[in-house]
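Here's the structure, in structure tokens; my notes come after.
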There are 2 protein chains.
Amino acid sequence: MAERNGSKKARTAGPIRHGRYRMTDVAEAAGVSAMTVSRALKNDGPVSPETRDHVLRIVAQLGYVPDLIAGGLSSKRSGFVAVLVPSLNNPHFADTVGGLAEVLQPAGLQVLIGHTDYCPDQEERLLETMLRRRPEVVVLTFDGHTTKTRRMLDVAGVPVIEIWETPRNPIGHVVGFSNRKASRALGGQMIAKGYKKIAFIGESQDKGTRGSERRQGIRDALKAAGLDWERVLSVAPPPIGMSHGATAVVEVMRRWPDTDAVICVSDPCAFGAMTECQRRGWTVPGRLAIAGFGDFEISRCALPAITTVAVDAAAIARKTGELILELRAADQRGKTLPRQTIEISAMPVERGSS
Amino acid sequence: MAERNGSKKARTAGPIRHGRYRMTDVAEAAGVSAMTVSRALKNDGPVSPETRDHVLRIVAQLGYVPDLIAGGLSSKRSGFVAVLVPSLNNPHFADTVGGLAEVLQPAGLQVLIGHTDYCPDQEERLLETMLRRRPEVVVLTFDGHTTKTRRMLDVAGVPVIEIWETPRNPIGHVVGFSNRKASRALGGQMIAKGYKKIAFIGESQDKGTRGSERRQGIRDALKAAGLDWERVLSVAPPPIGMSHGATAVVEVMRRWPDTDAVICVSDPCAFGAMTECQRRGWTVPGRLAIAGFGDFEISRCALPAITTVAVDAAAIARKTGELILELRAADQRGKTLPRQTIEISAMPVERGSS
DNA sequence: GCATCGTATGTTATCGCTAACATACCCCAC
DNA sequence: GTGGGGTATGTTAGCGATAACATACGATGC
């Protein structure tokens with residue numbers, strides 16, 4: 001591949017291999033000014049259809065790819081949306097991120113993804129890194145923010161959306177639901193079915209996480225019904241998976257042998273608990289009822305299917321995407337939107353495991 | 001929050017809310033030049049320790065966040081690594097992306113993630129979008145690239161790493177394994193155990209995907225053993241999940257009632273098939289043996305545990321990360337690395353389901 | 001027929017940072 | 001004491017695009 005940039009002084013081959021051409025190269029080849037090329041590419045300003053077509057033909061011919069780093073510096077619009085999730089390896093967050101990306105792509109926005117590993121300090125570090133890219137919106141998944149995190153967001157003056165929970169003390173907009181209330185509803189349903197010795201398997205060091213809210217929701221339900229609410233086992237820091245559920249359920253039965261139902265902080269954990277029961281010959285739901293949270297594919301497919309809380313996860317991505325586009329449109333007109341709180345549905349679903 | 005940028009002419013509040021300060025603001029406050037601030041922040045050039053500390057103190061005090069858009073334009077290093085995966089909602093790819101991000105973060109590199117939905121055209125579109133950000137390395141998950149995709153990569157002159165497969169016609173570096181060979185080994189093992197009527201449940205329209213390689217691997221094994229290799233069911237376009245496995249296994253038994261083993265393109269699919277068998281009272285592995293691919297958590301936890309192919313997924317992320325850092329270091333010294341092909345282990349694991 | 005307007009294009013001046021070069025100063029050797 | 005070489009800093013000139021302003025020209029109205 002010969003160097004074709006002879007027109008100007010020879011360019012050094014820097015670490016970024018430049019898409020061979022710059023906008024001025026295209027302009028020269030098309031016999032117009034760079035500004036006209038810019039307008040033709042963005043299809044916004046006034047350009048005659050013939051000029052536009054001509055320019056685009058040259059662009060295609062050369063294989064010119066515009067440089068958004070330069071464009072962003074000049075236009076002051078990075079085209080980035082920063083999205084922080086606790087973990088990518090969680091179908092819910094993966095779907096949320098994927099859904100968001102799909103909504104934003106047509107609008108020319110790109111998602112910058114980061115995962116915090118459920119650690120506020122990691123969130124802080126990651127956010128700082130991302131703010132250097134001047135995102136136009138920041139999306140956070142409720143995770144207990146540090147003081148510095150809040151300060152950075154404040155200083156940056158960037159719109160913030162918190163999702164997957166309705167935080168007590170929100171930073172900006174919210175698209176989510178109350179994990180505590182949803183969990184309480186699930187607990188209420190189990191109690192209504194007649195279970196009386198209900199245990200909860202959850203995560204340790206879960207300050208600020210959804211898991212902590214869910215634990216409290218179950219406790220709320222048990223207390224309200226006057227039942228024993230001490231049967232809480234905190235296994236390990238989030239996220240806990242199937243194998244944690246398996247070991248935890250054994251521990252629960254060792255500590256509180258008369259337990260008749262176990263509610264887990266999430267579906268994978270519940271699945272692990274259930275298979276361990278089956279392995280040991282404890283029938284589900286005969287000897288022990290099981291419930292999870294989240295309505296993952298595995299809960300629907302397991303045998304028996306697992307009682308859980310179904311969250312309208314697709315709606316979170318969709319509504320968040322729409323809100324981002326609105327925020328951006330408002331900003332373009334120099335306005336700011338008032339704080340929005342969008343409630344997402346999360347309902348218990350009774351299945352064979354309870 | 002009052003506007004504090006009075007020093008120069010009043011700045012318009014553009015769509016990107018500027019972190020209040022620019023490097024010159026910091027320089028002014030510290031009584032040094034912008035260049036010194038830049039050097040202090042990057043900790044590379046010659047700066048006296050006292051100056052450095054002083055500058056960093058001012059930076060912290062003001063809450064200054066450097067602008068990488070401007071920095072990237074000037075230095076010609078975007079700090080981006082573009083990573084394309086078929087789907088985020090797949091524990092393997094999620095872990096790969098997560099692992100990569102962790103390796104690259106300390107080096108100041110940021111991952112730009114995109115998902116292709118197993119569609120070459122989407123890959124092409126996504127790649128074009130990403131190339132506008134001038135990534136320093138592009139990571140692709142083998143997926144059957146379009147001609148234009150290959151051309152764009154060629155023109156961009158950016159190093160490419162293909163992962164999770166060893167493509168026949170690689171674009172650049174490779175970190176992966178042969179899905180076909182691994183699958184063939186699994187098939188061989190099933191045959192050795194005595195299964196004779198083996199069916200395969202896979203994906204339709206799977207050109208260029210790992211699924212297609214796996215199907216061929218099973219066929220290779222069956223042909224080599226002189227067994228019937230026609231029992232192949234292509235259910236739906238990738239990715240197929242648990243529910244597809246469930247419906248497919250029923251269809252397999254309807255078409256070929258004497259089938260004694262079913263190998264699925266992936267573990268979730270195998271799990272779905274297995275639970276459906278159990279639901280119908282077909283014992284696993286008594287009536288029907290089941291195997292999957294990938295060694296997902298679910299295969300280890302299911303009852304019985306599912307025979308599968310264990311891929312050293314963590315190694316893919318680690319080796320790819322290391323290769324990226326090497327490529328970058330080489331580039332910094334103006335060199336290019338010769339094409340690397342790094343082989344990852346992928347071995348059949350026999351479990352209770354077969 | 002001339003002022004007025006709107007459309008299509010070009011010109012200029014940044015955007016915020018860093019590479020490359022320039023300078024100032026200090027220390028040491030001979 | 002003078003030259004050479006190092007270290008710490010400053011100055012200048014872009015990086016490649018776009019916003020904002022300037023211009024050219026044809027159409028329209030009276």
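Taking the dipole about the Cα centre of chain B, with the C-beta of Lys and Arg at +1 and of Asp and Glu at -1, give me whichever of B:ALA310, B:GLY187, B:LEU153 is farthest to the positive side.
Highest projection toward the positive end goes to B:LEU153.
Could you check what % of the DSSP bridge pairs in chain B are antiparallel, to the nearest 5?
Rounded to the nearest five, the antiparallel share is 10 percent.
Can you find, among A:LEU68, A:PRO86, A:LEU127, the residue farthest towards the positive end of the dipole of region A:51-131? Put +1 on the C-beta of Lys and Arg, -1 on that of Asp and Glu.
In region A:51-131, that residue is A:LEU68.
Could you give the C-alpha radius of gyration of chain A expressed as a fraction of 2.2 N^0.38 Å, taking N as the number of residues it contains?
Output field value: 1.28.
Please report the antiparallel percentage of DSSP beta bridges with both residues in region A:217-354, rounded to the nearest 5.
Of those bridges, close to 45 percent are antiparallel.
Based on alpha-carbon centroids, what's the gap between region B:317-354 and region A:214-268 in Å, whole number please?
Value for the Cα centre distance between the two parts: 41 Å.
Of the GluC sites (Glu not before Pro) in region A:136-230, which ones lie in a loop per DSSP and count no more than 13 other C-beta atoms within 10 Å?
Hits after loop and neighbour filter: A:GLU230.
With 10 angstrom as the radius, rank A:GLU50, A:GLU251 by how many other C-beta atoms surround their C-beta, starting from the fewest.
If I rank by nearby Cβ atoms, fewest first, I get A:GLU50, A:GLU251.
Taking the Cα centre of the protein assembly as shown as origin and charging only Cβ (+1 Lys, Arg; -1 Asp, Glu), how large is the dipole, in debye to the nearest 20?
The calculation lands at about 1000 debye.
Going 7 Å from the Cα of A:LYS196 along its beta-carbon direction, which residues of region A:206-226 have the amide nitrogen within less than 17 Å of the resulting point?
Output list for this probe position: A:222-226.
Can you grab the distance from the C-alpha centre of region A:88-127 to the C-alpha centre of region B:146-211, Å, no decimals?
One Cα centre to the other: 28 Å.
So how strong a dipole does region B:276-327 carry about its Cα centre when Lys and Arg Cβ are +1 and Asp and Glu Cβ are -1, to the nearest 20 debye?
It comes to approximately 380 debye.
Would you mind calculating the relative contact order of region B:134-218 from Cα pairs under 8 angstrom and at least 6 residues apart, reporting the percent as a whole number?
This gives 29 percent for region B:134-218.
If I measure Cβ to Cβ between cysteines in chain B, which ones have no partner under 4.7 Å?
Result for chain B is B:CYS119, B:CYS277, B:CYS301, no neighbouring Cys Cβ within the cutoff.
With r defined as the distance between the Cβ atoms of B:THR24 and A:ASP121 and R0 fixed at 25 Å, what FRET efficiency is calculated, to the nearest 0.05?
E between B:THR24 and A:ASP121, to the nearest 0.05, is 0.25.
Quick check on chain A: helices-only [θ] at 222 nm, where DSSP H runs of length 4 and up contribute -39,500 (n - 2.57) each and the sum goes over total residues. Nearest 500, please.
Result for chain A, helices only: -13500 deg cm²/dmol.
Enumerate the residues in region A:51-71 having an amide nitrogen under 13 Å from the point lying 7 Å beyond the Cα of B:ARG151 toward its Cβ.
Backbone N within reach: A:57-65.
In nm, one decimal, shortest first: how far is the label point of A:VAL349 (7 Å from Cα along Cα to beta carbon) from the matching points in the other copies?
Inter-copy label distances (nm, one decimal, shortest first): 2.9.
List, largest first, the extents of the alpha carbons of the protein assembly as shown along their principal axes, each in whole Å.
Principal extents (largest minus smallest coordinate, Cα): 75, 67, 54 Å.
List, shortest first and in nm to one decimal, how far the label point of A:PRO338 (7 Å from Cα along Cα→Cβ) is from its counterparts in the other copies.
Label point to label point, same position, other copies: 6.9 nm.
How big is the dipole moment of chain A about its Cα centre under a simple scheme where the beta carbon of each Lys and Arg is +1, that of each Asp and Glu is -1, and everything else is neutral? Debye, nearest 20, please.
It comes to approximately 520 debye.
What fraction of the DSSP beta bridges in the protein assembly as shown is antiparallel, stated in percent and rounded to the nearest 5?
10
Any idea which of B:CYS269, A:GLY334, B:ALA225 is furthest toward the positive side of the dipole for the protein assembly as shown, if Lys and Arg beta-carbons carry +1 and Asp and Glu beta-carbons -1?
Sorting the options by dipole projection puts first A:GLY334.
Can you sort A:ASP260, B:ASP267 so the residue with the fewest Cβ neighbours within 10 Å comes first?
Listing A:ASP260, B:ASP267 from fewest to most nearby Cβ atoms yields A:ASP260, B:ASP267.
Tally Lys and Arg at +1 and Asp and Glu at -1 over the other residues with C-beta under 12 Å from the C-beta of A:ARG184: what net charge comes out?
Every neighbour counted, the sum reads +4.
Read-outs: derived from the displayed coordinates by stated rules, not from any lab. The structure presented is a predicted model; accordingly, all values stated were derived computationally and were not measured. Positions of Cβ are generated from backbone atoms using ideal geometry, with glycine treated the same way; all protein chains shown enter the neighbour counts.
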